[in-house]
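The values are calculated or read from the model by the stated rules, or taken from the named source; none is laboratory data. On a predicted model such as this, the values are computed, not experimentally measured, just so you know. All Cβ positions, glycine included, derive from the backbone under ideal geometry; neighbour counts span all protein chains shown. The accessibility values were calculated without ligands, DNA or RNA, using every heavy atom of the protein model including side chains. Shrake-Rupley method; radii C 1.70, N 1.55, O 1.52, S 1.80 Å.
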Amino acid sequence: MMTGFRRLSSLLAALLVGTSAASAGSLYDWSGLYVGATAGYGMGEYDQYAAGYPGTPGIFGRDMKGLVGGATVGYNYQSNQFVFGLEADFQASGIGGTAGTIPAWTCNTASCVNDVDWFATLRGRLGYAFDGYLPFVTGGLAYANVKSRDGNPSVPGVTDLDENVFGYAIGAGIEKALSENVTAKIEALYVDLNKAEVRRSNYTFTSDDQFAVVRVGLNWKF
């Protein structure tokens, strides 16, 4: 996943280019409650393995990707040019992948699947306001639903995993005030989830997922 994280870091650096010459003359007040909508794209990697099951070393470093979209609610408090915030969001997710043909797991092209069906985050935000812009960093808790399968569903004994797991999310972005009540943003998040597991009589099936999301959003500030 380090390649994906380096890509994310490069993207964040590009997002924040030009913000170093921040002006002290900001007139826009970022304080207050806001709601919004977001849409974007996610890419990542996952591992699947069945500890204790003979002859199945596992599937490691497989790609997953897909569209994401959802809703956001948050609150900002501005002190001089520093903006402190708390934001929660819920995202429907099409991020997923398939392992392809793995005879030991009775997989064919569409059977050994791994999907993140939805995810939510609760994050703090810290930004620096100038001239109607707000570059920010963010981080906090992630929670997601992971679905994973270790074989062809027509074969007896195949494991279907469907678990909700916690994790963490970190990222950065930049937001722009378009009017007194409307703001637009672009941000990138890196999400690392705890392992999702389901136990069987003689083995434990595990899915381990990490992904990065780039998304745009519109907010309405009250």
Computed about the Cα centre, the charge dipole of segment 159-211 from +1 Lys/Arg and -1 Asp/Glu charges at the Cβ has a magnitude in debye, to the nearest 20, of 60 debye
To the nearest 0.05, the calculated FRET efficiency linking Ala71 and Asp160 through their beta-carbon distance, R0 being 30 Å, is 0.55
Taking Rh as the Kirkwood radius computed over alpha-carbon pairs of segment 129-222 and applying Stokes-Einstein at 20 °C with viscosity 1.002 mPa s, one gets a diffusion coefficient in µm² s⁻¹ of 133 µm²/s
So the carbon and sulfur contribution to the accessible area of segment 181-222, 1.4 Å probe, in percent, is 54 percent
Ile186 and Phe60 label points (each 7 Å along its Cα→Cβ direction) are spaced in nm at 3.6 nm
Contour minus Cα-Cα span, Ser201 to Ala51, at 0.36 nm per residue, comes to 52.8 nm
Those trypsin sites (Lys or Arg not before Pro) from segment 112-199 that are DSSP loop and have at most 15 other Cβ neighbours within 10 Å turn out to be Lys195
Partner lysines whose C-alpha sits under 25 Å from that of Lys65, ignoring same-chain residues fewer than 8 away, are Lys147, Lys185, Lys195
Quick calc: nm separation of the 7 Å Cα→Cβ label points for Phe84 and Asp29 -> 1.9 nm
